[in-house]
Amino acid sequence: MKGQYAPFLMYRRLAALFVLGILGASCASKSAPTKEDVVNIPAVPHEPSWQCLECSPEEKYVLKQLQEQTKIYDKNALATLMGNIKQESKFISNICEGGARVSYENCLSGGYGLIQWTSAHRYRGLGNFCAKFECDPSSIEGQTRWMINEPIFQRVLPQFEGGGQNVSYYMKPAYYWLGWGIKGNREVYAYDYTKKMVLV
């Protein structure tokens, strides 16, 4: 029997070796692509942005969002906004006027959050915005979204987007935006940010 099937077995072995040879060559070509096989993917150009490398994570987040969600490219304009937020809340989103750390619903008097929203319609605006867009009104993410989209900020935004001015100039639209009672160190903070911000 063995001698009878010998030619057939030899044929099967040769066929198997032939197939293995083809597969091996195919795998080898896949593991070592030629120049023709390489697809050139165009590089995405890097767009530099203002960053504050020594700032807190909260400061970095707000600075990043201000640039991504608006057309503010001027360092002095960004520094003025940052300085005013620092004066209002030190970038603590869940702070109620007087220093208590509470959720949005539990700040019963005074200002609340990043820019100390005080008047009833501005405070309610934060809550209504986050209810509509499913964000947390106590969080820095939710408050930053509302801060940038709030109609009062949108009215003064073109002055910040214009660029080319000094901090003192930008303090004027900042006042119309916030309407502060006490100026405090907001302008000092703004100038400090101009020294810490780098274009990366």
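The values are calculated or read from the model by the stated rules, or taken from the named source; none is laboratory data. Since we're looking at a predicted model, the values are computed, not measured. Cβ sites come from the backbone with ideal geometry, for glycine too, and all protein chains shown count toward neighbours.
Select from segment 128-155 the residues that are within 16 Å of Ile95 (Cβ to Cβ) and of a type outside the set (S, T, N, Q) and list them in ascending order. Asp136, Pro137, Ile140, Glu141, Gly142, Trp146, Met147, listed by residue number.
Each row is one residue, and each column tells you yes or no for (1) within 25 Å of Lys195 (Cβ to Cβ); (2) surrounded by 15 or more Cβ atoms within 10 Å (Cβ to Cβ).
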site	(1), (2)
Glu134	no, no
Pro137	no, yes
Gly142	no, yes
Met147	yes, yes
Glu150	no, yes
Phe160	yes, yes
Gly163	yes, no
Tyr170	yes, yes
Ile182	yes, no
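What do you reckon, is Cys96 in contact (Cβ under 8 Å) with a residue 12 or more places away in the chain, over 21 Å from Tyr175 (Cβ atoms) and hydrophobic (A, V, I, L, M, F, W, C)? The answer is yes for Cys96. Residue count for segment 52-81, restricted to those that are surrounded by 15 or more Cβ atoms within 10 Å (Cβ to Cβ), assigned to a helix (DSSP H, G or I) and not basic (Lys, Arg): 14. Only residues that are closer than 13 Å to Ile115 by Cβ and of a type outside the set (Val, Ile, Thr) were counted across segment 150-172, and they come to 2. The residue pairs whose first member lies in segment 157-183 and is assigned to a loop (DSSP other than H, G, I, E, B), whose second member is at pLDDT 95 or above, and whose beta carbons are closer than 7 Å, counting only pairs six or more residues apart or on different chains, are Gly163/Tyr73; Gly163/Asp74; Gly163/Ala77; Gly164/Asp74; Gln165/Asn76; Asn166/Asn76.
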